[in-house]
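**Student:** Quick one: this structure, given as structure tokens, is what I'll be asking you about.
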Amino acid sequence: MVEIKLRVNGAETALDLEPRESLLDVLRERMGLTGTKKGCDQGACGACTVLADGERINSCLALAVQYAGREITTIEGVAAGDRPHPLQTAFVRHDGLQCGYCTPGQVCSALGMLAEHAAGMPSAVTADVSAESVPLTDAEIRERMSGNLCRCGAYNGIVAAIRETAEGARR
Amino acid sequence: MRDFGYLRATDVETALHAITAEPEARFLGGGTNLVDLMRAGVESPGTLIDITALPLTGIEETPDGGLRVGALVRNSHLAAHPLVRARYPMLAQAILSGASGQLRNMATVGGNLLQRTRCPYFYDGAARCGKREPGAGCDAIGGLSREHAVLGVGDACIAVHPSDMAVALVALDAVVEARSTRGTRRIPLTGFHTAPGTTPHVENVLAADELITAIELPPSPVAAASGYRKVRDRASYAFALVSVAAAIEVRDGVVARVRLALGGVATRPWRAYEAERSLLGARATEAAFRTAAAAELAAAVVTPDNAFKVELAERTIVATLRDLTRAKDTA
């Protein structure tokens, strides 16, 4: 067993863990933060996406012991108290979900993605990767969100919600 | 997953001594491949030496105008670096075409080079796989082999090396810096990954106690106008059926410099030397591109399932070179 302190959504928790426990399992099974979902458990679906120091990662492939000292944000830490994050509101408004299972991962992934885009990061569909900034077209949003699958097929609503949130942030 | 010991190293010396002391230990970087393989039971190290706290995260310009990249730089950070995007666009494109945003944020540059094949028989403990179990044979040969290699294959293994990043790096003549308690050595990436031969479980020349500490990119003026083209079964987040990393410089209509490498078709990141030889000094025409592509694929050994990759690779090489030379004409 390894003793670590994990910072999740601004609060620190002391944990006694086996090294093989994934960050996803620790969040769900030990900390009761069941918003983060387990889909494939092999990094293929994105349902387990959380933010580590603001960067999106697959918590299923992350060993929790590796993330001691990092700032983890889960879907439970996205809203400001009772007030949903504008992206969450946009997901509701645009029907960016049906069953909702992939939604926490979609929201966390989109937050990480918007930060990457704001920092000027190109994507695989960016025509000129050396450009300092890239317009966030629907094609860019789809490519950048390809690590999050939605088996209900709510992609059009997801893209619309992200686009609207990005535009709102720029205004 | 089998339980294992965990050690977090904060300096390189500690990590190197730990791996020397424990032959069953493995280094843990981003974990995107190793953790998955441990869960599948393919890998079962006794101890993981976590190297992500080591100070190997810098990207620095070298005195000769090249780039030195710390082994623990995350894939996404390398792709986003302004000097990579300006001077080696094929490398940024190759990285961005691989995996997902989440995985690129986790995966390290050193780990990307060491990632193992996604051959389903390698993952399936009930199948015969000489990569997983030395000498066990190969169920991919004569099995479902649509995604398997046509270049660099042997009687013991036809598994594809899955990396996109490494394809661009072999085209760019990158050099791997590796350290052990015995010292530091520099290994050209073109000689880093090995052919499967009769020992497909051996995938590179790295010793078990060696740690990749950096990747060095030599200056490469031709790479400023380069590209990476990836063909796959879906538009994003899939491994390559065929990929091409290319840089070409045309002077007075003649190919003056060219770099070409292939992914998705070979057992290791494949530098296309035959095609380069064919192109150098030739007129930069589509016919010459076709001749060069055919010269490279002449050595292909196919199965009924993956024979299509030969034509697909040839067409993708031609299309990539055509795009690059057209872009030049209009510049």
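The values are calculated or read from the model by the stated rules, or taken from the named source; none is laboratory data. No experiment lies behind these values; they were computed from the predicted model shown. Ideal geometry is used to build each Cβ from the backbone, glycine not excepted, and the neighbour counts take in all protein chains shown.
**Student:** Of the conditions (1) within 9 Å of another protein chain (Cβ to nearest Cβ); (2) in contact (Cβ under 8 Å) with a residue 24 or more places away in the chain; (3) in contact with a helix residue (DSSP H, G or I) (Cβ under 9 Å, 6 or more places away or on another chain), B:Arg85 satisfies every one except a single condition; which number is it?
**Tutor:** Only one criterion in (1) within 9 Å of another protein chain (Cβ to nearest Cβ); (2) in contact (Cβ under 8 Å) with a residue 24 or more places away in the chain; (3) in contact with a helix residue (DSSP H, G or I) (Cβ under 9 Å, 6 or more places away or on another chain) is unmet by B:Arg85, namely (2).
**Student:** Quick check on region B:16-35. Is at least one of its residues more than 15 Å from B:Glu210 (Cα to Cα), touching a residue at least 24 places away in the same chain (Cβ under 8 Å) and of a type in the set (Gly, Ala, Ser)?
**Tutor:** The answer is yes; a qualifying residue exists.
**Student:** A further question on this structure: Name the residue that is surrounded by the fewest Cβ atoms within 10 Å (Cβ to Cβ), counting only residues in region A:119-138 that are free of Cβ contacts under 8 Å to residues at least 24 places away in the same chain and more than 10 Å from chain B (Cβ to nearest Cβ). First the steps, then the outcome.
**Tutor:** In the first step, residues of region A:119-138 are kept if they are free of Cβ contacts under 8 Å to residues at least 24 places away in the same chain; the result is A:119-135, A:137.
Add one more test, that the residue is more than 10 Å from chain B (Cβ to nearest Cβ), and what stays is A:127, A:133-135, A:137.
Values: A:Ala127: 7, A:Ser133: 11, A:Val134: 18, A:Pro135: 9, A:Thr137: 13.
In this case the residue turns out to be A:Ala127.
**Student:** Then there is this: Just wondering, is there one or more residues in region A:117-126 that are under 15 Å from the mean Cα position of the chain (by Cα), in a helix (DSSP H, G or I), over 25 Å from B:Ala86 (Cα atoms) and modelled with pLDDT of 95 or more?
**Tutor:** So far as region A:117-126 goes, no, none of its residues is under 15 Å from the mean Cα position of the chain (by Cα), in a helix (DSSP H, G or I), over 25 Å from B:Ala86 (Cα atoms) and modelled with pLDDT of 95 or more.
**Student:** Looking at region A:2-20, which of its residues are within 22 Å of the chain's Cα centre (by Cα) and among the acidic types (Asp, Glu)? Please lay out each step first, then the result.
**Tutor:** Start the filter on region A:2-20 by keeping residues that are within 22 Å of the chain's Cα centre (by Cα), which leaves A:5-13.
Passing the criteria: only A:Glu12.
**Student:** Same structure, new question: Answer with yes or no whether A:Asp95 is on the phi > 0 side of the Ramachandran plot, facing chain B (nearest Cβ under 8 Å) and surrounded by fewer than 21 Cβ atoms within 10 Å (Cβ to Cβ). Give the steps one after another, and end with the answer.
**Tutor:** Details: on the phi > 0 side of the Ramachandran plot: yes; facing chain B (nearest Cβ under 8 Å): no; surrounded by fewer than 21 Cβ atoms within 10 Å (Cβ to Cβ): yes.
No; evaluated as a whole, the condition is false for this residue.
**Student:** Given the criterion surrounded by 22 or more Cβ atoms within 10 Å (Cβ to Cβ), among the small types (Gly, Ala, Ser) and away from every other protein chain (no Cβ under 14 Å), identify the matching residue among B:Gly135, B:Gly130.
**Tutor:** B:Gly130
**Student:** Check A:Gly153, A:Gly157, A:Gly168 and return the single one that is under 23 Å from A:Gln98 (Cα atoms), away from chain B (no Cβ under 12 Å), small (Gly, Ala, Ser) and surrounded by fewer than 16 Cβ atoms within 10 Å (Cβ to Cβ). Write out each step before concluding.
**Tutor:** Details: A:Gly157 fails: surrounded by fewer than 16 Cβ atoms within 10 Å (Cβ to Cβ); A:Gly168 fails: under 23 Å from A:Gln98 (Cα atoms).
Criteria check complete, one pass: A:Gly153.
**Student:** Right, another one. Given the options B:Gly110, B:Gly66, name the one that is closer than 20 Å to B:Val176 by Cα and crowded, with 22+ Cβ neighbours inside 10 Å.
**Tutor:** Only one candidate passes the filter, namely B:Gly110.
**Student:** For region A:32-56, give me the residue count where each residue is of a type outside the set (D, E, K, R) and touching a residue at least 24 places away in the same chain (Cβ under 8 Å). Please lay out each step first, then the result.
**Tutor:** Let us first name the residues in region A:32-56 that are of a type outside the set (D, E, K, R), namely A:32-36, A:39-40, A:42-52, A:54.
Okay, now just the ones that are also touching a residue at least 24 places away in the same chain (Cβ under 8 Å), so A:33, A:35-36, A:39, A:44-51, A:54.
Count: 13.
**Student:** As an exercise: evaluate A:Gln42 against (1) farther than 16 Å from B:Asn105 by Cβ; (2) more than 8 Å from chain B (Cβ to nearest Cβ); (3) at pLDDT 95 or above and give the number of the one condition it does not meet.
**Tutor:** Of (1) farther than 16 Å from B:Asn105 by Cβ; (2) more than 8 Å from chain B (Cβ to nearest Cβ); (3) at pLDDT 95 or above, only one is false for A:Gln42: (2).
**Student:** Would a scan of region B:152-174 turn up a residue that is assigned to a strand (DSSP E or B) and under 21 Å from B:Pro23 (Cβ atoms)?
**Tutor:** As a first pass, look at region B:152-174 and keep what is assigned to a strand (DSSP E or B): B:154, B:157.
From the residues that got through so far, the ones that are under 21 Å from B:Pro23 (Cβ atoms) too are none.
No, region B:152-174 contains no residue that is assigned to a strand (DSSP E or B) and under 21 Å from B:Pro23 (Cβ atoms).
**Student:** Let me ask something else. If I go through region B:188-211 residue by residue, how many of them are surrounded by 17 or more Cβ atoms within 10 Å (Cβ to Cβ) and either at pLDDT below 95 or among the β-branched types (Val, Ile, Thr) (or both)?
**Tutor:** The number of residues fulfilling the criteria is 1.
**Student:** Restricting to region A:45-68, and then to whatever is of a type in the set (Ser, Thr, Tyr) and within 10 Å of the chain's Cα centre (by Cα), can you tell me which residue is farthest from the other protein chains (Cβ to nearest Cβ)?
**Tutor:** Top of the filtered list is A:Ser59.
**Student:** Take the residues in region B:48-64 that are in contact (Cβ under 8 Å) with a residue 12 or more places away in the chain and acidic (Asp, Glu); name whichever of them is farthest from B:Arg8 (Cα to Cα).
**Tutor:** In this case the residue turns out to be B:Asp64.
**Student:** Another question, if that's okay. Regarding A:Arg56, is this residue out of contact with any Phe, Trp or Tyr (no Cβ under 6 Å at 6 or more places or on another chain) and crowded, with 19+ Cβ neighbours inside 10 Å?
**Tutor:** So A:Arg56 passes the test.
**Student:** Still on this structure, please answer the following. Taking region A:85-107, which residues are in contact (Cβ under 8 Å) with a residue 60 or more places away in the chain and either among the aliphatic types (A, V, I, L, M) or closer than 15 Å to A:Cys45 by Cα (or both)?
**Tutor:** A:Leu87, A:Ala90, A:Leu97, A:Tyr101, A:Cys102, A:Pro104, A:Gly105, A:Gln106
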